[in-house]
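For reference, the structure is listed below as structure tokens.
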Amino acid sequence: MTIQGWGLILAFVAVLLLIAKPIGLWLFALYEGRRTPLHVVLGPVERGFYRLSGIDPAQEQGWRRYAVHMLLFNLALLLLTYALLRLQGLLPLNPLGHAGIGADGAFNTAISFTTNTNWQWYSGEAAMSNLSQMLALTIQNFLSAATGIALAFALFRGFARRQAPAGGAIGIGNFWADVTRVTLYLLLPVCVVYALFLIASGVPQTLAGSVDLTTLEGARQTLGLGPVASQEAIKMLGTNGGGFFNANSAHPFENPDALTNFVQMLSIFSIGVGLTYTFGKAVDDTRQGWAILAAMMLLFVAGVGVTYWQEAAGNPVLAQLGVAGGNMEGKEVRFGIAASALFSVVTTAASCGAVNAMHDSFTPLGGMIPLLNIQLGEVVIGGVGAGIYGFLLFAILAVFVAGLMVGRTPEYVGKKIEAREVKLAVLAIAVLPLVILGGTALSAVTGAGLAGPLNKGPHGFSEMLYGFASAVGNNGSAFAGLSAGTPWYNGLLGVAMWIGRFFVIVPMLAIAGSLAAKRHTPAGAGSFPTTGGLWVGLLVGIVLVLGGLTFLPSLALGPIADHLAMIRGQLS
């Protein structure tokens, strides 16, 4: 480990904390539906959408209606994406003549991008036309991200609403208005500026399919091209992660230099940290948001520290042979160990999945931290919207445990947390381990499943475990040693992605509806404080105990056993 490496990590954390409030304030304006400076230009566009679709943005929706509209919207997007991928060979903007995607591959990819997972079993430049990249994938990147932020807004309203209006039940917002405002006033304008920055940095943005070059040795080489910058911007900002190229952000056309690498990491976390401040503003106590952010950052810094330490140390057997310099296998020389370790933890703490190094080549414990981040539910900052509402589910359980300790009905930000909310939170959180461990176990005892990992022993098990964790957690990154482009993995991982996204969302919306209907109860002398160091420690403990210990046996069979084999010089 070096001073420069730690300097990069500390600089990243410092900039992240500086941008949390301004981004949170902009998100809060969208949460409230207030006018912004962009309304002068984009206001008529927003109103035009409402008139064409017959939507009244002021009409409140209860949680059931909000959930149904959200599910139908995402189902329609899934079917559209599937059709575009299947018919790709017959559609225009296909300069390299790519054929249509097979049924199982299109099924997997359509679900992958609908659920904000962006798992890729294919090489983008060798399988997708420009039309598919733009119309099927990039549009999904915008709308899946907007959906996540809209859902976070809905849960915020559940905590923030004071009481039901006379003669009717209280709603949690309007799904269509939330998605429209987030897309128009946040994602689109930021991505336009972001894409221009990437183009200026050397990222291609063209409808050409490829360019032929002559190398220094005189050989001919064909390089893939396309509308890369526009997809790269929303890929990062929306924590999507699906790369235009197979090498993702390790490819110089997606991530040219150290500056773009730093900006990409910041953009992955930017909306997530902003939403913590938005939550504090929504419940009229910004200390609540800062407490959540503090707990997230403690977990994040600890994860970065372990990963950087392990990658800088490298393989001790090689060190004994005089091979120094840490573990550079699978890493870009342009970025080095510190930037690669930081990127890996950022992308898995959020539900992004973009990579600038191959996680399969990390040391066993260095690779375990990205895996554990996903298994924790990606609540350490997390995906846009999904991270904060996932963390608030843990907060509900934490305040319930605190209530048991002090012997009174638990409260959180003025709302009583009762049996219904606790049961729904447990239901949502339990989805991840059930499907991750169930899918991994099934693949570990079937021929089709065992044909996937390229390695045997603990590392091969880690490859399967990471694959299902990534799918259910809607992350999309992978231990690249898993050959997942088969009917078995395309089908099973596709189902896992859908369950991991929507079987968490629906109970979460039910919690939002239940909380919205409750009266606000001011904190009293006997209330458990939810803003200080004790509360932050309790939050961290609950996340680690419920999220971490559930997976300890599987981690022991995978990366921990792999680490023990490595330090003994054994091939796992």
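Quick one: Debye curve from the C-alpha atoms of the stretch 306-465, no solvent, what's log10 I(q)/I(0) at q = 0.09, 0.13, 0.20 Å⁻¹?
The Cα Debye sum returns log10 ratios of -0.43, -0.78, -1.21.
Highest mean first, what order results for 374-385, 410-421 on Cβ atoms within 10 Å?
On the way: 374-385: 29.8, 410-421: 19.8.
Result, highest mean Cβ count within 10 Å first: 374-385, 410-421.
With a cut-off of 13 Å, note down the residues of the stretch 336-366 whose backbone N falls inside the zone around a label point 7 Å from the Cα of Leu454 toward its beta carbon.
358-362, by backbone N distance to the label point.
Sorted by average packing, counted as other Cβ atoms within 10 angstrom per residue and highest first, what order do 148-159, 556-567, 238-249, 462-473 take? Present the calculation step by step, with values, prior to reporting the outcome.
Values: 148-159: 28.4, 556-567: 18.8, 238-249: 26.8, 462-473: 30.3.
Order by mean packing, descending: 462-473, 148-159, 238-249, 556-567.
Determine, from the Cβ-Cβ distance of Val317 and Ala523 and an R0 of 60 Å, the FRET efficiency 1/(1 + (r/R0)^6), rounded to the nearest 0.05. Don't jump to the answer; show the numbers that get you there.
Working: r = 56 Å, r/R0 = 0.94.
The computed FRET efficiency comes out at 0.60.
So what is Rg over Rh here for the chain, counting just Cα atoms and using Kirkwood for Rh? Before the final figure, lay out each step's value.
Working: Rg = 23.1 Å, Rh = 24.0 Å.
Rounded to two decimals, Rg/Rh equals 0.96.
Quick one: which residues, 5 or more positions from Val384 or on another chain, have an amide H under 5 Å from its amide H? H modelled 1.01 Å from N in the peptide plane, none for Pro or chain starts.
Here Ser351 satisfy the definition.
Mind checking the dipole of the stretch 375-511: about its Cα centre, +1 per Lys or Arg Cβ, -1 per Asp or Glu Cβ, Debye to the nearest 20? Each step should come with its number before you reach the end.
On the way: 7 positive and 5 negative charges, 45 e Å.
Roughly 220 debye for the stretch 375-511.
Treating the beta-carbon of each Lys and Arg as +1 and of each Asp and Glu as -1, no other charges, what is the dipole magnitude of the chain about its Cα centre, to the nearest 20 debye?
Details: 28 positive and 24 negative charges, 348 e Å.
Dipole about the Cα centre, nearest 20: 1680 debye.
For the stretch 330-359 and the stretch 138-211, write down the distance between their C-alpha centroids in whole Å.
25
State, to one decimal in nm, how far the label point of Leu52 lies from the label point of Met405, with both points 7 Å from Cα in the Cβ direction.
The answer from the label model is 5.4 nm.
Tell me, what ³J(HN,Hα) does each residue in the stretch 194-207 have, in order and in whole Hz, if you take phi through Karplus 6.51 cos²θ - 1.76 cosθ + 1.60 with θ = phi - 60° and put x for Gly and Pro?
My calculation for the stretch 194-207 gives 4, 4, 5, 4, 5, 4, 5, 8, x, 7, x, 8, 8, 8 Hz in order.
How many nm is it between the label spots at Asn246 and Phe197, if each spot is 7 Å from the Cα in line with the beta carbon?
With each label point 7 Å from Cα toward Cβ, the separation is 3.0 nm.
Tell me the label-point distance for the pair Ser210, Val301, using the 7 Å Cα-to-Cβ offset, in nm and rounded to one decimal.
Each label point lies 7 Å from its Cα, and together they span 4.9 nm.
Over the Cα atoms of the stretch 1-156, how large are the radius of gyration and the largest Cα-Cα distance (Dmax), in Å?
20.0, 59
Provide the packing ranking of 432-441, 226-235, i.e. peptides ordered by the mean count of other C-beta atoms within 10 Å per residue, highest first. Working shown, then result.
Working: 432-441: 19.9, 226-235: 26.1.
Highest mean packing first, the order is 226-235, 432-441.
At a threshold of 8 angstrom on Cα-Cα distance, excluding pairs fewer than six apart, so keeping six or more, what relative contact order does the chain reach in percent? It would help to have the intermediate numbers written out before the result.
Details: 1032 pairs, mean separation 111.9, N = 572.
Answer for the chain is 20 percent.
Which of the listed residues, Asn261, Leu392, Gly97, is farthest toward the dipole's positive end in the chain, when Lys, Arg count +1 and Asp, Glu count -1 at the beta-carbon?
Leu392
In straight Cα distance, which aspartates and glutamates are under 14 Å from Lys456, not counting same-chain residues fewer than 8 positions off?
The reachable aspartates and glutamates, counting only those whose Cα sits under 14 Å from Lys456, are Asp360, Asp562.
Sort the stretch 424-572 into rounded, prolate or oblate with this rule: let a ≥ b ≥ c be the square roots of the eigenvalues of the Cα gyration tensor; rounded if a/c is under 1.5, and if a/c is not under 1.5, prolate when a/b is larger than b/c, oblate otherwise.
Values: a/c = 3.80, a/b = 1.73, b/c = 2.20.
Oblate, since a/c reaches 1.5 and b/c is not below a/b.
State to the nearest 20 debye the size of the charge dipole of the stretch 43-185 about its Cα centre, where the only charges are +1 on K and R beta carbons and -1 on D and E beta carbons.
Details: 9 positive and 6 negative charges, 101 e Å.
Taking the Cα centre of the stretch 43-185 as origin, the dipole is about 480 debye.
With unit charges on the beta carbons (Lys and Arg positive, Asp and Glu negative) and the dipole taken about the Cα centre of the chain, which residue among Phe300, Leu213, Pro227 sits farthest to the positive side?
Highest projection toward the positive end goes to Phe300.
Calculate the FRET efficiency for Leu534 and Leu10 from the Cβ-Cβ distance with a Förster distance of 35 Å, rounded to the nearest 0.05. Can you show the working numbers first?
Working: r = 26 Å, r/R0 = 0.75.
Rounded to the nearest 0.05, the efficiency is 0.85.
Evaluate E = 1/(1 + (r/R0)^6) for Val68 and Ile139, where r is the Cβ-Cβ distance and R0 equals 25 Å; express this FRET efficiency to the nearest 0.05.
Working: r = 22 Å, r/R0 = 0.88.
So, using R0 = 25 Å, E works out to roughly 0.70.
Applying the Karplus parametrisation 6.51 cos²θ - 1.76 cosθ + 1.60 with θ = phi - 60° to the phi angles of the stretch 37-52, what ³J(HN,Hα) value in whole Hz is obtained for each residue in order, glycine and proline being reported as x?
Whole-Hz 3J(HN,Hα) from phi for the stretch 37-52: x, 6, 5, 4, 8, 9, x, x, 5, 4, 5, x, 4, 5, 5, 5.
Choose one of Tyr31, Val190, Val283: the residue whose Cα lies farthest towards the positive end of the charge dipole of the chain (beta-carbon charges +1 Lys, Arg; -1 Asp, Glu; about the Cα centre).
Farthest along the dipole direction, towards plus: Val283.
Out of residues 5 or more away from Glu411 or on other chains, whose amide H comes under 5 Å of its own, with H placed 1.01 Å from N in the peptide plane?
Amide H to amide H, under 5 Å and 5 or more residues apart or across chains, Glu411 pairs with Ile417, Phe528.
Per residue of the chain, what 222 nm ellipticity follows from adding -39500 (n - 2.57) for every DSSP H run with n ≥ 4, rounded to the nearest 500? Walk me through the numbers on the way to the answer.
On the way: 22 runs with 341 residues, N = 572.
Only helices count here, giving -19500 deg cm²/dmol.
Any read-out appearing in this document is the output of simple, stated calculations on the displayed coordinates, not a laboratory observation. Since we're looking at a predicted model, the values are computed, not measured. When we count neighbours, we look across all protein chains shown, and the Cβ atoms used for this are built from the backbone with ideal geometry, even at glycine.
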